[in-house]
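Novice: What follows is a structure written as structure tokens; I'll ask about it next.
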Amino acid sequence: MPRVSRLSQEQRRQAALNRSRARYERNASQIRVRNSQHIANVRDNNPNVREESRVQDSIARAQRRRSERVRNLERIRDAQAHSTRREDSDERRQEQLRNTAEHASRRTNPEIRSVERIQDAARHSNRRQDQDYRVSERTRDMEARATRRQDSEERRQEQLRNTAEHASRRTNPVIRSAERIQDAARHSNRRQDQDYRVSERTRDMEARATRRQDSEERRQEQLRNTAQRSTRRTIPEFRIPERIRDMDAHAIRREDPEERRREQLRNTAEHSTRRTIPEFRIPERIRDMDAHAIRREDPEERRREQLRNTAEHSTRRTIPEFRIPERIRDMDAHAIRREDPEERRREPVQNTAEHASRRTNPTFRISERIRDAAARAAHREDSEERAREQERNTEEHRQRRRDSVERQRERQRDANNRRATRRNPIARTQEQRINTSQRRETRQQRRIREEQIRQMAEDRLVNFRMDPQNRLDASQRQSQRNMDARAQLSEDELDQEREQQRNRIRATARDLYHRNIKEGPTEICICCGGTWFRSQKFLSA
């Protein structure tokens with residue numbers, strides 16, 4: 001007859017569980033490798049499984065990234081991996097090429113390019129507030145322009161651009177007349193400079209000497225000079241019309257495109273040469289400023305000048321080579337003005353008033369909202385920018401909620417919005433569905449977390465108890481605690497404890513008898529047809 005096991009059913013189940021876990025621990029690495037290989041083979045051979053696995057991985061990763069702790073750990077891990085990869089020069093070069101290609105692709109979008117220019121302009125303005133940086137930038141720009149002008153082709157292109165702009169402006173009769181007046185005033189002012197006057201006389205003498213090589217020309221000139229100019233030039237009424245005639249003759253000559261082009265090239269070269277001399281450049285600027293101030297005292301002249309400037313500025317701003325330096329100049333001037341505290345205080349007030357005035361126009365307001373939405377969407381495409389924006393919003397919201405009045409208003413506002421939203425049956429149904437899904441997911445996550453904690457605790461307990469030394473130490477500590485507890489008992493308490501122990505033994509034996517022995521062998525063996533006790537069946541299994 002088979003022997004009856006002395007272990008209870010729970011003890012046998014725990015022993016079987018321990019044996020299963022020990023067997024899994026011994027073969028854990030092999031099982032993981034085998035499972036990984038099986039999953040990889042299935043995903044390689046079945047595209048549907050591979051796509052479904054990718055979707056599941058994406059959903060699981062998105063759920064994990066909802067936890068700020070997991071997200072921070074992921075960011076730290078990504079940053080360390082990126083830093084490790086960039087230690088390889090080839091990897092860093094490939095990354096730079098990818099970034100350059102992506103940036104070039106993004107800049108094909110006019111909206112992104114406009115936002116990027118605004119960001120660059122703001123950063124450039126901030127950098128230019130540093131005096132050392134501004135001085136070095138100006139020096140660098142001057143050196144770059146001087147380097148470009150060393151190329152004859154580049155210098156020729158610049159001259160052609162200047163000539164084309166000047167020719168375009170001279171098609172306006174108002175501008176042309178004003179230019180003549182300006183040229184006459186500048187020429188008169190320049191002749192006040194002794195050095196310039198000497199050079200002009202030298203040039204005129206050389207031209208006159210060339211013409212006087214013809215004997216007939218020289219004779220006629222002498223006759224004219226003797227008979228007319230010696231007497232008429234002493235009369236102011238003659239001297240002024242003479243100048244006017246010279247201007248008309250000059251205008252007639254300039255009607256020839258070739259003559260005008262040669263004159264422009266000469267004037268450009270001469271002016272460029274003279275402007276390299278500080279002694280000429282500074283007085284020229286002063287003279288131009290004085291002449292401009294005198295002309296602007298006339299309201300009609302000032303109005304015409306504003307119209308001309310507006311037309312010229314609108315034409316020039318269509319050229320990127322002019323628009324970009326203009327923005328840089330405007331930023332420099334704006335930065336210099338903002339160094340004055342009073343100017344910086346007036347500027348926000350003016351901007352606020354102008355913006356409020358413009359926003360009264362529905363067309364401007366709608367376009368502004370569209371631009372703001374597009375710019376904000378472009379900003380939020382950058383994960384780092386989006387993270388910084390969330391941090392700023394969180395901090396601002398935290399600061400506002402510290403005020404009890406503001407917090408009460410926010411609660412009232414949220415309650416009103418929520419009440420208005422829930423009046424819509426469709427929105428209420430969607431909200432209930434979302435809440436139900438979120439609660440279900442929360443409960444599921446909580447159950448999974450509790451199961452993981454319980455499993456970890458059981459694993460720790462199993463691992464602890466699998467060590468014979470730990471079991472021996474625990475038994476010894478329990479025995480010591482029992483001995484200490486008995487030592488503190490009195491004689492009556494010891495007798496009572498012994499009686500309770502005997503009663504427990506009798507109750508255990510009685511229960512065992514009623515559960516197994518008294519019922520008799522009730523389990524029938526399928527092999528031999530004999531009868532077995534129930535405890536013997538589980539033991540044989």
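Novice: Sticking with the crude label model, points 7 Å out along Cα→Cβ, report the distance from Ser168 to Glu368 in nm, one decimal please.
Specialist: 3.2 nm
Novice: Round to a whole number: what % of the accessible area of the chain belongs to carbon and sulfur, probe 1.4 Å?
Specialist: Of the solvent-accessible surface of the chain, carbon and sulfur hold 51 percent.
Novice: Rounded to whole Å, give me the distance from the Cα center of segment 442-461 to that of segment 272-307.
Specialist: Using only Cα atoms to place each centre, the spacing works out to 84 Å.
Novice: With θ taken as phi - 60° and the coefficients 6.51, -1.76 and 1.60, list the Karplus ³J(HN,Hα) couplings across segment 190-207 in order, rounded to whole Hz; mark glycine and proline as x.
Specialist: The phi angles translate into 5, 5, 6, 7, 4, 4, 5, 5, 5, 5, 5, 4, 4, 5, 5, 5, 5, 5 Hz.
Novice: Report, in deg cm²/dmol and to the nearest 500, the calculated mean residue ellipticity at 222 nm for the chain, where each DSSP H run with n ≥ 4 adds -39500 (n - 2.57) and the sum is divided by the residue count.
Specialist: Result for the chain, helices only: -28500 deg cm²/dmol.
Novice: Per residue, how many Å² of accessible area does the chain show with a 1.4 Å probe?
Specialist: On a per-residue basis, the chain sits at 80 Å².
Novice: Which cross-chain or sequence-distant (5 or more) residues have an amide H under 5 Å from the amide H of Arg338, H modelled 1.01 Å from N in plane?
Specialist: So Arg338 has HN proximity to no qualifying residue.
Novice: Moving to a separate point now. Dividing the alpha-carbon radius of gyration of segment 198-270 by 2.2 N^0.38 Å (N being the number of residues), what value is obtained?
Specialist: Rounded to two decimals, the normalised Rg is 1.33.
Novice: Find out how many positive minus negative residues lie around Arg388, taking Lys and Arg as positive, Asp and Glu as negative, among other residues whose Cβ is under 14 Å from that of Arg388.
Specialist: So the environment of Arg388 carries a net charge of -3.
Novice: Only loop residues by DSSP count here, and only those with at most 13 other Cβ atoms within 10 Å; note down the trypsin sites (Lys or Arg not before Pro) in segment 63-101 that meet that.
Specialist: Hits after loop and neighbour filter: Arg65, Arg66.
Novice: Work out how much length Asn393 to His82 would gain on full extension: take 0.36 nm times their residue separation and subtract the Cα-Cα distance, in nm to one decimal.
Specialist: Once the chain is fully extended between Asn393 and His82, it gains 109.1 nm.
Novice: Given a Förster distance of 41 angstrom, what is the FRET efficiency for Ala104 paired with His355, based on the Cβ-Cβ distance and rounded to 0.05?
Specialist: The formula returns an efficiency of 0.75 here.
Novice: Got a sec to turn the phi values of segment 289-301 into Karplus ³J(HN,Hα) couplings, 6.51 cos²θ - 1.76 cosθ + 1.60 with θ = phi - 60°, whole Hz, x for Gly and Pro?
Specialist: 5, 5, 4, 5, 5, 5, 5, 6, 5, 8, x, 5, 5
Novice: Report the gain in length on full extension from Gln408 to Arg12: 0.36 nm times residue separation, minus Cα-Cα distance, nm rounded to one decimal.
Specialist: The span from Gln408 to Arg12 would gain 136.3 nm if fully extended.
Novice: A further question follows. Please report the Cα spread of segment 17-141 along all three principal axes, rounded to whole Å, starting with the longest.
Specialist: Dimensions of segment 17-141 along the principal axes of its Cα atoms: 80, 33, 32 Å.
Novice: Can I ask one more? Treat each spin label as a single point 7 Å out from the Cα along the C-beta direction, and report the Gln37 to Cys528 distance in nm.
Specialist: Label at Gln37, label at Cys528, 4.4 nm between them.
Novice: Evaluate Rg over Rh across segment 24-95, taking Cα atoms for both radii and Kirkwood's formula for Rh.
Specialist: 1.11
Novice: Among Pro348, His292, His334, flag the residue with its Cα farthest along the positive direction of the charge dipole of segment 282-387, charges on Cβ as +1 for Lys/Arg and -1 for Asp/Glu.
Specialist: Pro348
Novice: If amide H atoms are built 1.01 Å from N in the plane of the peptide, which residues on other chains or at least 5 residues away come under 5 Å of the amide H of Trp532?
Specialist: Thr522, Glu523, Ile524, Cys525
Novice: How long is the gain from Asp248 to Arg50 if the chain were fully straight, where each residue apart is worth 0.36 nm and the alpha carbon distance is subtracted?
Specialist: That works out to 62.6 nm of additional length.
Novice: What FRET efficiency would be calculated for the residue pair Glu321, Ala457, taking the C-beta separation as r and a Förster radius of 56 Å, to the nearest 0.05?
Specialist: Approximately 0.15, to the nearest 0.05.
Novice: Then there is this: For the pair Met331 and Asn482, how long in nm is the line joining their label points, each one 7 Å along Cα→Cβ?
Specialist: Using points 7 Å along Cα→Cβ, the separation is 8.5 nm.
Novice: Here's something else I'd like to know. Return a whole-number percent for the relative contact order of the chain, with Cα pairs under 8 Å and 6 or more residues apart as the contact set.
Specialist: Relative contact order, the chain: 16 percent.
The values are calculated or read from the model by the stated rules, or taken from the named source; none is laboratory data. Note that the structure is predicted; figures quoted are calculated from it, not measured. No Cβ is skipped: glycine too gets one built from the backbone with ideal geometry, and neighbour counts run over all protein chains shown. For accessibility, only protein heavy atoms count, side chains too; no ligands or nucleic acids. Shrake-Rupley method; radii C 1.70, N 1.55, O 1.52, S 1.80 Å.
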